[in-house]
1. Of everything in segment 631-683, what is polar (S, T, N, Q), touching a helix residue (DSSP H, G or I) at 6+ places or on another chain (Cβ under 9 Å) and modelled with pLDDT of 95 or more? Give them in sequence order.
2. Quick check, is ALA634 closer than 19 Å to THR526 by Cα and open to solvent by 40 Å² or more (accessible area, probe 1.4 Å)?
3. THR488 fails exactly one of the following numbered conditions: (1) touching a strand residue (DSSP E or B) at 6+ places or on another chain (Cβ under 9 Å); (2) within 26 Å of VAL449 (Cβ to Cβ); (3) of a type in the set (Val, Ile, Thr); (4) at pLDDT 95 or above. What is the number of that condition?
4. So in segment 522-540, with the set limited to residues that are open to solvent by less than 10 Å² (accessible area, probe 1.4 Å) and of a type in the set (A, V, I, L, M), which one is nearest to TYR438 (Cα to Cα)?
5. With the requirement that a residue be among the charged types (D, E, K, R) and at pLDDT 95 or above, what does segment 137-177 give you?
6. Checking GLY502 against (1) open to solvent by 60 Å² or more (accessible area, probe 1.4 Å); (2) assigned to a strand (DSSP E or B), only one condition comes out false. Which one?
7. Which one of LEU483, LEU468 is hydrophobic (A, V, I, L, M, F, W, C), open to solvent by less than 40 Å² (accessible area, probe 1.4 Å), touching a residue at least 12 places away in the same chain (Cβ under 8 Å) and not in a loop (DSSP other than H, G, I, E, B)?
8. Suppose the filter is at pLDDT below 90 and charged (D, E, K, R); does LYS248 pass it?
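The values are calculated or read from the model by the stated rules, or taken from the named source; none is laboratory data. Not measured: the values here are computed from a predicted model. Heads up, the Cβs are rebuilt from the backbone with ideal geometry, glycines too, and the neighbour counts pull from every protein chain shown. In case anyone asks, the SASA skips ligands and DNA or RNA and just uses the protein heavy atoms, side chains included. Shrake-Rupley method; radii C 1.70, N 1.55, O 1.52, S 1.80 Å.
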Amino acid sequence: MIGGGHSHVQFLKRWRMEPIPGVEVILVSNVMETPYSGMLPGRLAGLYDDSEMHFNLLNLAAQSGVGFIQDAAVGVDLAKRQVRLREHPPLAYDILSLNVGITPVLPDGAEGNPRVFAVKPISRLLEKWRDLNAQNEADEPWVVVGAGAAGFELAVACALSARSSGVRRKIIILEAGDQILPGHGERARAKAMGALARLGIELKLNSRVTRVEGQVARLESSQQVEFGHLLVTTGAAAPEWFQSTGLKLSNGFLRVDDTLRCEGQPRIFAAGDCIEFASRPLPKSGVYAVREGPVLTENIRRTAVGRKDLIRYRPQRKTLALLLSGDRRAILSYGKVAGEGAWVWRLKDRIDRRFMERFGETPYSPMAMTANTCGGCGGKLSWGVISEYLQSDSRFKGPQDVGYLDQTAVTVDGFRAFTKDLYLFGQAATWHAFNDLYATGSAPAAATVYVSLSPAASHLRVDCLGQLMGGVRRVLEASGARLLNAHTAEAAEIQIVVTALGPEGSRRKGPLRPGQVLVITKPLGTGALLQGYMQGRLSPESWKVLREHLMNNPHAPWVKNSSAPVRAATDVSGFGLIGHLTEMMAGENVLVRLTASSIPVLPDFERLTRMQVQAHLTSENRKTYSHFVKTEPASDVFYDPQTNGPLLLAVDKGDAELLLTELRAAGMPAAGLIGEVLSSSEPSIEIT
């Protein structure tokens, strides 16, 4: 599924209710949220907020059991059955569906003009809307190009937004034709003209814009119109990369038959603004994309199980239009029938809200803590379980992240996949394994990789391996390590194990000594955030932060250039901050006093834990280590298991500032001093 348009979100809703066993779905989108076009005018007018009009693709995919890859498509290879992506390795498909929208076409001279904006893509307009209202001077007119439904509603929204801000702003509509709302009935047009008059919006018909120069729109009639901002609702082109796909096109758009299949391609579907029907062209309107959704969904499902009896999409000849016409007023237009007033707005608002409610979150109940459903480091065994085994085997002397063979440091780590974005997963797992060496002051020189893949067709296994190893290679290139060898196997789940080798480092875990202070390099909280992501409870903003956290490791450049005298170090991973801190204490009679307010935490962590979203290992860590803690902390962050987490470093108090300066210069702005080591009669931890 390429793109998160109106048709694809309907597919996700159906899949959430009725998945097909044995079929894996991947959604690729360059954005995590996509706006519903029907509520755009109301949003611009200040009648809705962003959360009310956006489909949350990230969580909708997670709750539907659909993989989510944040990226943009740049091509299709029909021979190899692959989609080429901007950042990820090529992605294989058996069935492909495209719902990617359009590219705006601006008047000559308008490209790159900071005063000119297209109404589509909507997400880009919304990003700029607040700035547009704040920066524009009241005496500079806003000019809307196009008097179709989109142009009319946009002009009304501009006027309402200005009024709510207390600004008297002139609004002008430039229409190339000789009437407003072409394609609508006379009664609807008359009501639209009345709305423009009430709002003081000027309409100029037969005013085709041919060129833009600075803040001047030049017209075909040789006249010109000055503007503060120019908002363009006319002109649309298909994405340029369609040209190289080999798919049949019409005016640059994907040519589809009445089953929404691309012509000549029985396993490639498309819907929304990016298509053109072989039978007749349709307006680029969300009304059609919404109606295409159920047909697209059903035909993909039938194709997936080998059925040939696809259903046909029959575009309606007349569509019901409900157009914003004032402050909580709207126009109803259906053929020759028209109405206007507050009652139409209430109808429009009810229809739009009910449509959006269909894509909300599923009923939520916290995961059963007796079942380990986590991915990443949160899915590992607790120290309580491991220690029972170690007590029966005298060859092991407690938790050892790194082993030594002569002057070579060796570590191994791995876990099962927490995402179907295997390119991301490969990076996170490799960086996570390397962290053990970074904690010793060493850097990995080489690595070996073991991968298990779940059952799938051979070409899909090749694709999974390519995605996963692509992520591994990215880390190897960034860290300067080389791949020694790799092995694969089949298993019920996708997993990766990375062994890292490097020169022996100068640092050990402990023991901590009085007079030292503790510095942490990065925020905590990946355990709960990964669980929230897998359950479809994570905000897009938090996923963006978490994704960057997992795909990068600023410890690598710092280790190579550090001169700060670190006395002891460990990486914070599965056993959480308290668990790994007890390893650093090494049974010595010291009191570690932590300052809770100084500990950096990833966004959304506390909200998720209040919803009882936590990694399985969190409660196990609390059981295992809480007896060291004098005052039990309220927050789960002290026991939260970390994937590609921070380093915990002990230095003499006088060296703390040098260390913090180094860390922040290396790209760790959240690095901070979180505690101190004091003398005590027993090993203990105090949280203040």
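1. Within segment 631-683, GLN642, THR643, ASN644 meet the criteria.
2. Against the criterion (closer than 19 Å to THR526 by Cα and open to solvent by 40 Å² or more (accessible area, probe 1.4 Å)), ALA634 qualifies.
3. (4)
4. Out of the qualifying residues, it is LEU524.
5. GLU153, GLU175, listed by residue number.
6. (1)
7. LEU468
8. No, not satisfied.
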